[in-house]
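> There's a structure below that I have some questions on.
The values are calculated or read from the model by the stated rules, or taken from the named source; none is laboratory data. Everything numeric in this text was worked out from a predicted model, so none of it was measured. Virtual Cβ from ideal backbone geometry, glycine too; neighbours counted across all protein chains shown. These area figures cover heavy atoms from the full protein model, side chains too; ligands, DNA and RNA do not enter into them. Shrake-Rupley method; radii C 1.70, N 1.55, O 1.52, S 1.80 Å.
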Amino acid sequence: MPSTTDPRTRKHLSRAGKAHEASVDSAHGGARDHAPATVSPVTTPQGLDPGDTVRLIDADGVRRPDATYDHWVEDVDHAALLRLYEDMVVVRRIDTEATALQRQGQLALWPPLLGQEAAQIGSARALDADDFVFSSYREHGVAHVRGIAGADLVRVWRGVTGAGWDPHEARMAPMQVIIGAQALHAVGYAVGIMADAERAGRPSPDAGTAVGQEPTEAAIAYFGDGATSQGDVAEAFTFASTWSAPVVFFCQNNQWAISEPVSLQSKVPLVERARGYGMPGVRVDGNDVLAVLAVTREALHRARTGGGPTLIEAVTYRRGPHTTADDPTRYRTSAEIEHWEARDPVSRIAAYLRGEGALDDDGEASVQAAADAVAGELRAGVTTIADPSWSAIFEEVYAEPHAGLEAERDAYARYLDGFEEGDR
Amino acid sequence: MTGSTQTLTLAQGLNAGLRQALTDDDHVVLLGEDIGALGGVFRVTDGLQREFGPRRVMDTPLAESGILGTAIGMAYRGYRPVIEIQFDGFVYVAFDQIVSQVAKMHSRTRGAVPMPLTIRIPVAGGIGAAEHHSESPEAYFVHTAGLRVVSVSNPQDASTVLRQAIACDDPVIFFEPKRLYHVKGEVDAAVDLADAPPMSAAHVVRPGRDVTVVTWGSHVATAIDAAEAMADDGASVEVIDLRSLSPWDVDAVTGSVRRTGRLVVVHEGPRQAGVGAEICATVTERCFEHLEAPPARVTGHDVPYPPAKLEGHHVPDLDRVCHGIDQVLGRVPLDVPTVASAGAGAGREVAA
């Protein structure tokens, strides 16, 4: 692996610089070219300028050599790519099943990830087991990679709890609804990693890792294009950057924050935010799972070895609604959907593997069968989720005894006791 | 008491408490603005960064939400962050992280992720400060489930209650009355916390028979002064330092009111939906048949905190507390703010 002083890092910085100089107009699919500043934000789909965006496999499934990033995925052979492909097929199938479960009344709500499979799988597969994830509410693909399965994936969406899994066991915080708040939590966790190193007498990541020292853990924050407008994300960039915290900011620019286009969030490509904070930024084709894996590995390596945070902008597209309660036909066109369907992340990797002779009809069928089995487990899991008892609302509000709340619970219990059994 | 005592200001008592907590537990970390080399704008963290290093006593960028969010992540990692909000009026920009994240995390994760944060906030006015430097925001936090809220009135509590707050596995909002930072008292900084009264227990600081005055922070001293003045007028006033505003010691207050039959709550925060309203309502529910007079509140007005030259009309003082006591004793007519108009909230007064 390259060291912190590897010129790649600096090259990388200049790469972000080049984007700034050459292609401001690519921020929003050329919105600046076509729309004066005074009109409503243009909702043209955001283009992918190959000059600015890391891409290793193009939309037709053709592998493109990249002098900077090939190195980061040179160990990814056909078998590994097939596993990434299967991950993506599985999480898409989970997404389909969960959407169906919502339509059938089994879930209260579901935020689909359709179209973002490569961004989530490529980044999550770059993580080590002991790294820690702070995500928003759409990272079902990341959760799947963290080993969260079945009922745990949908418990929150069924409305029975605030967290579907044990965060420490999964090394992934419960989903975050407040937009961007989790970016700061990831920074704090990363600061804790530095403090742990110091307490253990090891060099802290922000001091640069000495030769022979093991790289440290890292934290990763997932958020969307809308979140980049939040103060908490800006503050997270500042804290992480000035403290050189071992954290990766992974922004999935899926073009839409419910009905608001990314052009309403930023006049420049989101990745350029990084420059103002003095951290490297990299824009990647978020529908290219191999490229996402490469840039996330690089960013994690930088974090682990003293290089501080990195902002990754994964350019992708939310093909479904914001949630099952949303109606995207009110704010975007079918032409736009078709544009992105042609850049589907799953068929791209499938096309590449087929071209390599590593995937055929039988292979696809067996992956689909595996995905169907996972979907079956999800459906079966949902039916095992019991409704919580009324008393659960009073539990765990505090870590230590709280006489006032206990009295309130007891009063409510006496009230309930006034009803016949079954009328509660 | 387990150690020797020394005379310290309240600010020094806090400093001693922080030093003890940093010594007792190497997962305790301090975060805030100007808390390192400067020692905090009130010098509460004086010398601690030099003693414990910049990783334990961290100067942060100027972003309160960032401080809180970072502390949350550190708590995920097993740390016990103690945050200094530089002034009361600066806590509002961190409100979301406190209310939506800190307060709810233990409940959200069914106990898997406790948030043992202590959020220190210099509070209230009376020092002629600039705008946003004299706020009394306690009601917002008392209203929020998942938080504990305390306020100290003397240097010994400053040291001991702060250590208890840091040791508590729940998040604690810790109010430090700015007016008291330089008030001196005897402090044993090494009190065995196992022997100390619980953080949530109120203290009867002056016993009395006729009226119960409940207050906290800097107004404990005002209430004691009022009790002494009333003693000269033949009334025996009991003063309770509530100390913990959430949870609050209902038994201590109702036990007192059952004996005295009269309650006055004194606080500097605005009257409407203030902590006094909660105390008066609870006392009315529990002590109705013991009350000789309606419970009274002596509070800040329902106005933005006024400019320094006018704060004397806003902050409860000796005369206003005595006036409140006189009202519940029936010595002066009961006179609470009353809207004369039939259309409540219409904002128009009926012409006489």
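> Quick one: which of A:VAL268, A:VAL187 is open to solvent by 30 Å² or more (accessible area, probe 1.4 Å), assigned by TED's automatic domain parsing to the domain that holds A:VAL133 and in contact with a helix residue (DSSP H, G or I) (Cβ under 8 Å, 6 or more places away or on another chain)? First the steps, then the outcome.
Numbers: A:VAL187 fails: open to solvent by 30 Å² or more (accessible area, probe 1.4 Å).
Step by step, each of A:VAL268, A:VAL187 is checked, and only A:VAL268 is open to solvent by 30 Å² or more (accessible area, probe 1.4 Å), assigned by TED's automatic domain parsing to the domain that holds A:VAL133 and in contact with a helix residue (DSSP H, G or I) (Cβ under 8 Å, 6 or more places away or on another chain).
> For region A:203-225, indicate whether the set of residues that are assigned to a helix (DSSP H, G or I), within 14 Å of chain B (Cβ to nearest Cβ), of a type in the set (A, V, I, L, M) and surrounded by fewer than 21 Cβ atoms within 10 Å (Cβ to Cβ) is non-empty.
yes
> While we're here: In this structure, does B:TYR140 turn out to be closer than 30 Å to A:VAL160 by Cα and hydroxyl-bearing (Ser, Thr, Tyr)? Walk me through how you get there before you give the answer.
Working: closer than 30 Å to A:VAL160 by Cα: yes; hydroxyl-bearing (Ser, Thr, Tyr): yes.
So B:TYR140 passes the test.
> Which ranges mark the strands (runs of 3 or more DSSP E) fully within region B:179-226 that have 3 or more residues being farther than 20 Å from B:ASP319 by Cβ and open to solvent by less than 50 Å² (accessible area, probe 1.4 Å)?
Strands (runs of 3 or more DSSP E) meeting the threshold: none at all.
> Given the conditions (1) closer than 27 Å to A:ILE193 by Cβ; (2) among the small types (Gly, Ala, Ser); (3) modelled with pLDDT of 95 or more, report the number of the one that A:GLY226 does not fulfil.
Here A:GLY226 meets the rest and fails (1).
> OK, next. Between A:PHE394, A:PHE419, which is more than 30 Å from B:SER244 (Cβ to Cβ) and over 29 Å from the mean Cα position of the chain (by Cα)?
Only one candidate qualifies: A:PHE419.
> A further question follows. If I ask for residues that are open to solvent by less than 40 Å² (accessible area, probe 1.4 Å) and within 8 Å of chain B (Cβ to nearest Cβ), which ones from region A:379-398 would you list?
The answer is A:VAL397, A:TYR398.
> Spot the failing condition for A:LEU101; the list is (1) modelled with pLDDT under 95; (2) surrounded by fewer than 23 Cβ atoms within 10 Å (Cβ to Cβ), and only one is missed.
Evaluating A:LEU101 over (1) modelled with pLDDT under 95; (2) surrounded by fewer than 23 Cβ atoms within 10 Å (Cβ to Cβ) leaves (1) as the failure.
> Which one is nearest to the other protein chains (Cβ to nearest Cβ), of the residues in region B:227-264 that are in contact with an Asp or Glu (Cβ under 9 Å, 6 or more places away or on another chain) and in a strand (DSSP E or B)?
B:SER246
> Moving to a separate point now. Restricting to region B:46-68, give me the number of residues that are without any contact (Cβ under 8 Å) to a residue 24 or more places away in the chain and at positive phi.
1
> What tally of residues in region A:131-159 results from selecting those that are part of a loop (DSSP other than H, G, I, E, B), closer than 18 Å to A:GLU377 by Cβ and open to solvent by 10 Å² or more (accessible area, probe 1.4 Å)?
Total meeting the criteria: 4.
Okay, residues lined up against (1) polar (S, T, N, Q); (2) over 25 Å from A:GLN116 (Cβ atoms); (3) in contact with a Cys (Cβ under 9 Å, 6 or more places away or on another chain):
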site	(1), (2), (3)
A:ARG348	no, no, no
A:LEU353	no, no, no
A:ALA358	no, no, no
A:GLU364	no, no, no
A:ALA369	no, no, no
A:PRO388	no, yes, no
A:SER391	yes, yes, no
A:VAL397	no, yes, no
A:GLU406	no, yes, no
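> Which residues, counting only those in region A:237-261, are part of a helix (DSSP H, G or I) and open to solvent by 10 Å² or more (accessible area, probe 1.4 Å)? If you could, list the steps in order and put the result at the bottom.
We begin by selecting, within region A:237-261, every residue part of a helix (DSSP H, G or I); these are A:237-243.
Scanning region A:237-261 gives A:THR238, A:SER241, A:THR242, A:TRP243.
> I've got another one for you. Are there any pairs with C-beta distances below 9 angstrom linking a residue in region A:160-186 that is more than 8 Å from chain B (Cβ to nearest Cβ) to a residue that is among the hydroxyl-bearing types (Ser, Thr, Tyr) and open to solvent by 30 Å² or more (accessible area, probe 1.4 Å), with the two at least 6 apart or on different chains, and if so which?
Every condition considered, the pairs that remain are A:MET175/A:TYR137; A:GLN176/A:TYR137; A:VAL177/A:TYR137; A:ILE179/A:SER229; A:GLY180/A:SER229.
> Name the single residue, out of those in region B:91-124 being within 8 Å of chain A (Cβ to nearest Cβ) and of a type in the set (Lys, Arg), that is surrounded by the fewest Cβ atoms within 10 Å (Cβ to Cβ).
B:ARG110
> Kindly evaluate B:ALA145 against the criterion of being surrounded by fewer than 24 Cβ atoms within 10 Å (Cβ to Cβ), out of contact with any helix residue (DSSP H, G or I) (no Cβ under 7 Å at 6 or more places or on another chain), at the interface with another protein chain (Cβ under 9 Å from one of its Cβ atoms) and closer than 30 Å to B:VAL266 by Cβ. Please lay out each step first, then the result.
On the way: surrounded by fewer than 24 Cβ atoms within 10 Å (Cβ to Cβ): yes; out of contact with any helix residue (DSSP H, G or I) (no Cβ under 7 Å at 6 or more places or on another chain): yes; at the interface with another protein chain (Cβ under 9 Å from one of its Cβ atoms): yes; closer than 30 Å to B:VAL266 by Cβ: yes.
When the stated conditions are applied, B:ALA145 passes them.
> Take region B:49-78 and flag every residue that is at the interface with chain A (Cβ under 7 Å from one of its Cβ atoms), farther than 20 Å from A:TYR277 by Cα and open to solvent by less than 30 Å² (accessible area, probe 1.4 Å).
The answer is B:ALA71, B:ILE72, B:GLY73, B:MET74, B:TYR76.
> Does A:ALA350 qualify as being more than 14 Å from chain B (Cβ to nearest Cβ) and closer than 17 Å to A:ILE94 by Cβ? It would help to see each step written out before you state the result.
On the way: more than 14 Å from chain B (Cβ to nearest Cβ): yes; closer than 17 Å to A:ILE94 by Cβ: no.
Criteria not met by A:ALA350.
> Taking B:ARG43 as the residue in question, decide whether it is open to solvent by 10 Å² or more (accessible area, probe 1.4 Å), free of Cβ contacts under 8 Å to residues at least 60 places away in the same chain, under 22 Å from the mean Cα position of the chain (by Cα) and more than 9 Å from chain A (Cβ to nearest Cβ). Steps first, please.
On the way: open to solvent by 10 Å² or more (accessible area, probe 1.4 Å): yes; free of Cβ contacts under 8 Å to residues at least 60 places away in the same chain: yes; under 22 Å from the mean Cα position of the chain (by Cα): yes; more than 9 Å from chain A (Cβ to nearest Cβ): yes.
The answer is yes for B:ARG43.
> Let me ask something additional. What number of residues in region A:309-342 are surrounded by 24 or more Cβ atoms within 10 Å (Cβ to Cβ) and in a loop (DSSP other than H, G, I, E, B)?
Looking only at that region, the number is 4.
> Out of (1) charged (D, E, K, R); (2) closer than 17 Å to B:GLY217 by Cα; (3) open to solvent by 10 Å² or more (accessible area, probe 1.4 Å); (4) away from chain A (no Cβ under 14 Å), what's the single condition that is false for B:ASP88?
So B:ASP88 meets the others, but not (3).
> Further question: Could you list, in sequence order, all residues of region B:206-222 that are touching a residue at least 40 places away in the same chain (Cβ under 8 Å) and more than 12 Å from the chain's Cα centre (by Cα)?
Initial filter on region B:206-222 (touching a residue at least 40 places away in the same chain (Cβ under 8 Å)): B:208-222.
Result: B:GLY208, B:ARG209, B:ASP210, B:VAL211, B:THR212, B:VAL213, B:VAL214, B:ALA221, B:THR222.
> When residues of region A:55-83 are filtered for being touching a Gly at 6+ places or on another chain (Cβ under 8 Å) and not in a loop (DSSP other than H, G, I, E, B), how many remain?
Initially, region A:55-83 is screened for residues touching a Gly at 6+ places or on another chain (Cβ under 8 Å), giving A:61-62, A:82.
Now drop any that are not not in a loop (DSSP other than H, G, I, E, B), which leaves A:82.
Number of matching residues: 1.
> Criterion first (open to solvent by less than 30 Å² (accessible area, probe 1.4 Å) and either in contact with a Ser or Thr (Cβ under 7 Å, 6 or more places away or on another chain) or not assigned by TED's automatic domain parsing to the domain that holds A:ILE94 (or both)) does A:ILE193 satisfy it?
yes
> Is region A:229-236 home to any residue that is open to solvent by 10 Å² or more (accessible area, probe 1.4 Å), on the phi < 0 side of the Ramachandran plot and not in a helix (DSSP H, G or I)? So that I can check it myself, show each step before the final result.
Restricting attention to region A:229-236, the residues satisfying the condition of being open to solvent by 10 Å² or more (accessible area, probe 1.4 Å) are A:229-232, A:234-235.
Pick out the ones that are also on the phi < 0 side of the Ramachandran plot and you get A:229-232, A:234-235.
Keeping just the survivors that are not in a helix (DSSP H, G or I) gives A:230.
Yes - at least one qualifying residue is present in region A:229-236.
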